[in-house]
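Structure, as structure tokens:
Read-outs: derived from the displayed coordinates by stated rules, not from any lab. None of the values given here were measured: they were computed from a predicted structure. Neighbour counts are summed over all protein chains in view; Cβ atoms, including those assigned to glycine, are modelled from backbone coordinates with ideal geometry.
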């Protein structure tokens, strides 16, 4: 009989003998963190326990200050790298994000509003090794009003600058969205460096382009992990390899029109139980004008339904074309012309659309955690709405790991 257990940290883990012992006792740890540097031992441990979180060489570190801390994605990155900060100070005002951060890292020192972060008083005058943060981006975003520094939320960037000048950390890292060059130039001047442009799709299954200003040496982009959206789904399937960017409003869900035309708010398609018995898998609503006829998208692993002989009046067969390269994908042949079903290796990019209503859903909170390379159920301490919000506002953890990897420890 298996017994659920809390978190386990194994130092000098070797080939995870401790995990074998726990398994033999029927103990299932919530998360198992392994510190080991021998690559052969790690290979064996990963082969037997792929869910182990390997944190490398555990080393002590100085004080860390995280402004606009959110749910403490920076702390996850430090933990994943085996970095144990002397003290971790977090400035955040969102009570739900703080709840999640406290549940996962109860030793964090929460210092409230960024405007109250005063050095040296609040830090007892101790030196700061790392200042990190992602100031609110709504005023800079191409998706927003682009009010830039006229937006009171974007003005909080200058609080990051103030704290940077006051505490003079050894390293700093600021994250923000892609923005107009004129806005970048202001930040470049204030921080004395130009940003590193990284798309999270290198380390995750999400297209998420962000700019990172830092004095940490960055010699290369992260290694491409070749993680695809199908790899992170709990069930169902999608029409693309990389998800649209998850933002703080993702909890509102989406529809096929915004998904295919505006390329936002990732959808996941699924099949209906009544169709599965016939080997034809129902996938998502085609949201087409006209008749209800010819409105099903079918999973490529199922059997294609019979092509209707009707034409015109939106009754001709439709194709849900999977995005690939410059092709954005979407519902094709609304003009009556159907893409060729060729024998090429990319024929599986075309999914047949046929009769009736179809199903789709938004990503689950766990799937969004995986897109942000956050541990499964890390945010499961608040409502789903709040989980989506903080994940949309958070860092992609593995990108932060890569950037922090240049620090001299």
With a point put 7 Å past each Cα toward its Cβ, work out how far residue 8 is from residue 194 in nm, to one decimal. 4.9
Projected area averaged over orientations for the stretch 1-96, convex hull of C-alpha atoms, nm²: 7.2
Given 0.36 nm per residue, what is the gain on full extension from residue 40 to residue 186 after removing their alpha carbon distance, in nm? 47.8 nm
Efficiency of FRET between residue 165 and residue 376 - r from beta-carbon atoms, R0 56 angstrom, step 0.05: 0.90
Compute the distance in nm between two label points, each set 7 Å from the Cα along the Cα-to-Cβ direction, one at residue 109 and one at residue 51. 3.5
Could you work out how much longer the chain between residue 252 and residue 215 gets when fully extended? Use 0.36 nm per residue separation minus the Cα distance between them, nm to one decimal. 9.6 nm
Run through all the Cα pairs of the stretch 61-110 and give the fraction in each 5 Å bin from 0, expressed as whole percent. 5, 24, 36, 24, 8, 2
For the stretch 160-248, one quarter of the surface area of the C-alpha convex hull, expressed in nm², comes to 7.7
Two-decimal Rg to Rh for the stretch 3-53 - Kirkwood Rh, Cα set: 0.94
